[in-house]
């Protein structure tokens, strides 16, 4: 069983990543960290095989954290999942030997594919104490296609949604709005997500701009005008 941890400063996204990891046979994820300090604490206290690491952590960049992980926990493998498209971050990550670098927004299929590749890689790596050139060639062939996918198609995927819109969070907002017969305000959605009203409003307004939702003004409220959002009904 691949013991996995998630280091992601958005706890909602971290929970979605954790849930997805636990869906894949051969993986178990019990640990989440919202910052670099907690990430290192988890690695100190638990036997982790694979770490899903974000670059933009609140207290330290993931690329800086990689150096510490390599020094103190050399047996931990790392999968980067980040919104960063800076060449320096990608270069540093690959030089520290990350298994893959996935640019947000990442599809569920893309992440699951990488996890399955890693499971095969991990099994092959530990199945024998003596290796042949054939074994080594097989191991590198498992890893190299993922690096090619990152360079060839990840940049295209980041353009599918505008900056600041994460596909996992958007899916959650959409599902919750579909269940809300009386609609929801940005504040109500923010409370459900565990995020600010501003963040919730960003997703709701995006849904309006993409013809997925509608909004109606709430009258009789003193102060800033509020809107109630509704999922847009499909036309017959």
* Structure fact -> Only unsatisfied item for residue 22, checking (1) modelled with pLDDT under 95; (2) in a helix (DSSP H, G or I); (3) farther than 24 Å from residue 107 by Cα, is (3)
* Which one is surrounded by the fewest Cβ atoms within 10 Å (Cβ to Cβ), of the residues in the range 189-221 that are free of Cβ contacts under 8 Å to residues at least 12 places away in the same chain and under 14 Å from residue 177 (Cα atoms)? -> 191
* To do: Please work out which one of (1) closer than 30 Å to residue 189 by Cα; (2) surrounded by fewer than 21 Cβ atoms within 10 Å (Cβ to Cβ) is the condition residue 40 fails and give its number.
  => (1)
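Condition test on residue 69, is it surrounded by 13 or more Cβ atoms within 10 Å (Cβ to Cβ), closer than 17 Å to residue 10 by Cβ, touching a helix residue (DSSP H, G or I) at 6+ places or on another chain (Cβ under 9 Å) and outside the structural domain of residue 172 (by TED's automatic domain parsing)?
Working: surrounded by 13 or more Cβ atoms within 10 Å (Cβ to Cβ): yes; closer than 17 Å to residue 10 by Cβ: no; touching a helix residue (DSSP H, G or I) at 6+ places or on another chain (Cβ under 9 Å): yes; outside the structural domain of residue 172 (by TED's automatic domain parsing): yes.
In short, no.
Could you check how many residues of the range 56-65 are surrounded by fewer than 22 Cβ atoms within 10 Å (Cβ to Cβ) and out of contact with any strand residue (DSSP E or B) (no Cβ under 7 Å at 6 or more places or on another chain)?
Step one: of the range 56-65, the residues surrounded by fewer than 22 Cβ atoms within 10 Å (Cβ to Cβ) are 56, 58-61, 64.
When the remaining residues are screened for being out of contact with any strand residue (DSSP E or B) (no Cβ under 7 Å at 6 or more places or on another chain), the result is 58-61, 64.
Total satisfying the criteria: 5.
For the range 105-117, what are the residues that are buried (at least 19 other Cβ atoms within 10 Å of the Cβ) and more than 17 Å from residue 19 (Cα to Cα)? Lay out the reasoning, then the answer.
To start, the set of residues in the range 105-117 that are buried (at least 19 other Cβ atoms within 10 Å of the Cβ) comprises 105-106, 110-111, 114-115.
Within the range 105-117, none qualify.
Do we have any residue at all in the range 175-183 that's at pLDDT 65 or above and closer than 21 Å to residue 54 by Cα? Break it down into steps so the answer makes sense when it comes.
Of all residues in the range 175-183, those at pLDDT 65 or above come to 175-183.
Okay, now just the ones that are also closer than 21 Å to residue 54 by Cα, so none.
No.
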* Given the conditions (1) within 25 Å of residue 112 (Cβ to Cβ); (2) at pLDDT 65 or above; (3) assigned to a helix (DSSP H, G or I), report the number of the one that residue 189 does not fulfil. => (1)
* Quick one: what pairs do we get from the range 1-19, first residue without any contact (Cβ under 8 Å) to a residue 24 or more places away in the chain and not assigned by TED's automatic domain parsing to the domain that holds residue 52, second in a helix (DSSP H, G or I) and surrounded by fewer than 18 Cβ atoms within 10 Å (Cβ to Cβ), C-beta under 9 Å, 6+ apart or different chains? -> none
* Can you run down the residue pairs with Cβ atoms below 8 Å, 6 or more apart or on separate chains, where the first is in the range 79-90 and farther than 13 Å from residue 9 by Cβ and in the same structural domain as residue 60 (by TED's automatic domain parsing) and the partner is assigned to a loop (DSSP other than H, G, I, E, B) and modelled with pLDDT under 90? => 90/84
* Listed residues 155, 231, 221, 136; which is over 19 Å from residue 16 (Cβ atoms) and modelled with pLDDT of 75 or more? -> 231
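Condition check ((1) closer than 23 Å to residue 105 by Cβ; (2) touching a strand residue (DSSP E or B) at 6+ places or on another chain (Cβ under 9 Å)) across all residues:
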| residue | (1), (2) |
| --- | --- |
| 3 | no, yes |
| 6 | yes, yes |
| 11 | yes, yes |
| 16 | yes, no |
| 40 | no, yes |
| 54 | yes, yes |
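The values are calculated or read from the model by the stated rules, or taken from the named source; none is laboratory data. None of these values were measured; they are calculated from a predicted model. Because the Cβ atoms are built from the backbone with ideal geometry, glycine has one as well, and the counts that use them run over all protein chains shown.
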